[in-house]
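*Asks:* Pasting a structure here, questions to come.
The values are calculated or read from the model by the stated rules, or taken from the named source; none is laboratory data. This is a predicted model, so every value here is computed, not measured. Reconstructed Cβ throughout: ideal geometry from the backbone, glycine too, with neighbour counts over all protein chains shown.
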Amino acid sequence: MSTYPPISEQLDDLEAARTEGRRKMDWALQHMPILQELRQQFREEQPLAGATLGMAMHVEAKTANLVELLALGGAEVAITGCNPLSTHDDVSAALDANDDITSYAKRGVDDEAYYAAIEAVVAHEPTITVDDGMDMVYAIHEDYPELIDTIVGGAEETTTGVHRLRAMDEEGELKYPVFAVNDTPMKRLFDNVHGTGESSLATIAMTTNLSFAGKNVVVAGYGYCGQGVAKKAAGQNANVIVTEVEPRRALEAHMEGYDVMPMNEAAEVGDVFITTTGNRDVITREDFQAMKDGVLLANAGHFDIEIDLDGLSDLAVDEYEARDGVRAYEMDDGRRLNVIAEGRLVNLAAPVALGHPAEVMDQSFGIQAVCVRELLENGAEYDAGVHDVPDALDREVAEIKLDAEGVEIDSLTDTQAEYMDSWSHGT
Ligand code: RBV
């Protein structure tokens, strides 16, 4: 059994932390109608009774409402963070106060404590895993394969995690079913686009007290996250430049009206750089050498590998904290390149970061909750491997949200439904 302590044994003023954490959770929940609706259902029906959930996610107020929903549904939950800088200790403490929840998440832990906390979660012997980035699936497959037999399945929140899982699956190494929550429309079209776009830009603005208007904002990667960042930056009157490696996405960005060019050209003209590729070495030494004085560098991808910080450090003659969350690297010619939040995912890891807005996380976490329910109700129907979220579940969550927003839509008449299903009609 792990000896790593839960957050409640790591904080001095525990009561004050719990009160503040609960206040943050209450505020978020007011703006999460899907989770509110599912709370009622889960409390009454106890669909998760008997399950033990092992989770690694960004432990802050919205995630905490998901965790509490899962506990209300009858599960025992053990959770830790999925990034060393995204945890809100007060929220972690509020969660840990719940008898059915143990939270090991703590902000600012070093690598050793980060992985010890994951092991502490695994020691609860989860029957279901919920990940943001695949840390839990990885730890279990690498170090605790004996647990796999009793694991019903898992759910994965983010693009990077799903990408890793698919690679694992292709090599036949993924030994239990995992839902690709990231890929389902109710997640990807909202969380990745609006959530990443809004929260990344808001966090950069709050951290630097600078504007995007009139600036050249370079967005690396034009996937769903990059599209969101580009759109919202353009909405704040920036000149958007997109860099891509995929011809169709590059063409899409071009037809959207953005400038498209290689990074080494963008490096010369950019004022703000935001990486969203999920890949490593996107901004490198040669790029730093071409950049203007005062540029801002931020990453919105899951891992801190997109900006080559070692290369930047090598080039720098001086480094200092220019502001909270901003590290300046001074070059020998006097240029200062400013990295926000250590190049970690900026919308969650900067000191002022709050993650995505509550409304979008309501959708993503609504999907997480119904996926966990599905695994418990029908887990035996899913083979080991990556699975799409069943369309009926995606629709169920969309309908709850539309209802809560007071938005009504049409439905097909029988004749229309028949027409759509038929191939024998002509003019
Ligand atoms: N994300 N979580 C939050 N809890 O505030 N904000 C963003 C939060 C998730 C988002 O779903 C994305 O896929 C993932 O973080 C990247 O790690």
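*Asks:* For Glu265, state whether it is closer than 21 Å to Thr159 by Cβ and either touching a Ser or Thr at 6+ places or on another chain (Cβ under 7 Å) or assigned by TED's automatic domain parsing to the domain that holds Gly235 (or both). Reasoning before the result, please.
*Replies:* Details: closer than 21 Å to Thr159 by Cβ: no; either touching a Ser or Thr at 6+ places or on another chain (Cβ under 7 Å) or assigned by TED's automatic domain parsing to the domain that holds Gly235 (or both): yes.
No; evaluated as a whole, the condition is false for this residue.
Residues are listed down the side, and each one gets a yes or a no for (1) acidic (Asp, Glu); (2) outside the structural domain of Glu342 (by TED's automatic domain parsing):
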{"site": "Asp111", "(1), (2)": "yes, yes"}
{"site": "Tyr144", "(1), (2)": "no, yes"}
{"site": "Met168", "(1), (2)": "no, yes"}
{"site": "Leu174", "(1), (2)": "no, yes"}
{"site": "Ala180", "(1), (2)": "no, yes"}
{"site": "Thr207", "(1), (2)": "no, no"}
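*Asks:* Another question about this same structure. Working only within the range 49-61, note down all residues that are under 24 Å from Ile148 (Cβ atoms) and assigned to a loop (DSSP other than H, G, I, E, B).
*Replies:* As a first pass, look at the range 49-61 and keep what is under 24 Å from Ile148 (Cβ atoms): 49-57.
Selection gives Ala49, Gly50, Ala51, Met57.
*Asks:* Shifting gears a bit: Take the range 213-250 and flag every residue that is under 19 Å from Gly278 (Cβ atoms), of a type in the set (S, T, N, Q) and either assigned by TED's automatic domain parsing to the domain that holds Thr160 or outside any strand (DSSP E or B) (or both).
*Replies:* The answer is Gln227, and nothing else.
*Asks:* Taking into account only those residues within the range 18-46 that are of a type outside the set (A, V, I, L, M) and outside any helix (DSSP H, G or I), which is surrounded by the fewest Cβ atoms within 10 Å (Cβ to Cβ)?
*Replies:* Filtering the range 18-46 down to residues of a type outside the set (A, V, I, L, M) leaves 18-24, 26-27, 30-31, 33, 36-37, 39-46.
Now drop any that are not outside any helix (DSSP H, G or I), which leaves 31, 46.
Details: His31: 15, Gln46: 13.
Looking at the filtered set, the residue picked out is Gln46.
*Asks:* Which of the residues belonging to the range 348-375 are touching a Phe, Trp or Tyr at 6+ places or on another chain (Cβ under 6 Å) and within 10 Å of the ligand (Cβ to nearest atom)?
*Replies:* The initial filter retains those residues of the range 348-375 that are touching a Phe, Trp or Tyr at 6+ places or on another chain (Cβ under 6 Å), namely 360, 363, 371.
Listed by number, the residues that qualify are Val360, Gln363.
*Asks:* Among the helices (runs of 4 or more DSSP H) lying completely within the range 326-427, list those that include at least 1 residues that are out of contact with any helix residue (DSSP H, G or I) (no Cβ under 9 Å at 6 or more places or on another chain). Steps first, please.
*Replies:* Working: elements: 346-349, 358-378, 391-405, 414-421.
Passing ranges, in order: 358-378, 391-405, 414-421.
*Asks:* Those residues that are in contact with a strand residue (DSSP E or B) (Cβ under 7 Å, 6 or more places away or on another chain), surrounded by fewer than 21 Cβ atoms within 10 Å (Cβ to Cβ) and either among the β-branched types (Val, Ile, Thr) or within 26 Å of Glu374 (Cβ to Cβ) (or both), I need them from the range 178-229; list them, please.
*Replies:* Matches in the range 178-229: Thr208 only.
*Asks:* Restricting to the range 159-205, give me the number of residues that are within 12 Å of the ligand (Cβ to nearest atom) and in a strand (DSSP E or B).
*Replies:* Residues that pass the stated criteria total 1.
*Asks:* Go over the candidates Leu345, Leu337 one by one and state the one that is touching an Asp or Glu at 6+ places or on another chain (Cβ under 9 Å), over 20 Å from Gly294 (Cα atoms) and outside the structural domain of Glu156 (by TED's automatic domain parsing).
*Replies:* Details: Leu337 fails: over 20 Å from Gly294 (Cα atoms).
Only one candidate qualifies: Leu345.
*Asks:* Can you pull out every residue in the range 319-347 that is of a type in the set (Gly, Ala, Ser) and more than 16 Å from the ligand (Cβ to nearest atom)? Steps first, please.
*Replies:* The initial filter retains those residues of the range 319-347 that are of a type in the set (Gly, Ala, Ser), namely 322, 325, 328, 334, 341, 343.
Hits for the range 319-347 are Ala322, Gly325, Ala328, Gly334.
*Asks:* Hey, does the range 305-314 have a residue that's buried (at least 18 other Cβ atoms within 10 Å of the Cβ) and farther than 26 Å from Met331 by Cα?
*Replies:* The answer is no, given that none of the residues of the range 305-314 is buried (at least 18 other Cβ atoms within 10 Å of the Cβ) and farther than 26 Å from Met331 by Cα.
*Asks:* Need at least 1 residues that are within 14 Å of the ligand (Cβ to nearest atom) and either crowded, with 24+ Cβ neighbours inside 10 Å or over 16 Å from the mean Cα position of the chain (by Cα) (or both) per element, so show me which helices (runs of 4 or more DSSP H) inside the range 62-152 make the cut, counting only ones lying wholly within it. Talk me through it step by step, then tell me what you get.
*Replies:* Numbers: elements: 89-96, 111-122, 135-143.
It comes to 89-96, 135-143.
*Asks:* I would also like to ask the following. Looking at (1) away from the ligand (no atom under 16 Å from the Cβ); (2) in a helix (DSSP H, G or I); (3) more than 19 Å from Asn216 (Cβ to Cβ), which one does Asp287 not meet, given that it meets all the others?
*Replies:* Tallying (1) away from the ligand (no atom under 16 Å from the Cβ); (2) in a helix (DSSP H, G or I); (3) more than 19 Å from Asn216 (Cβ to Cβ), Asp287 fails exactly one: (3).
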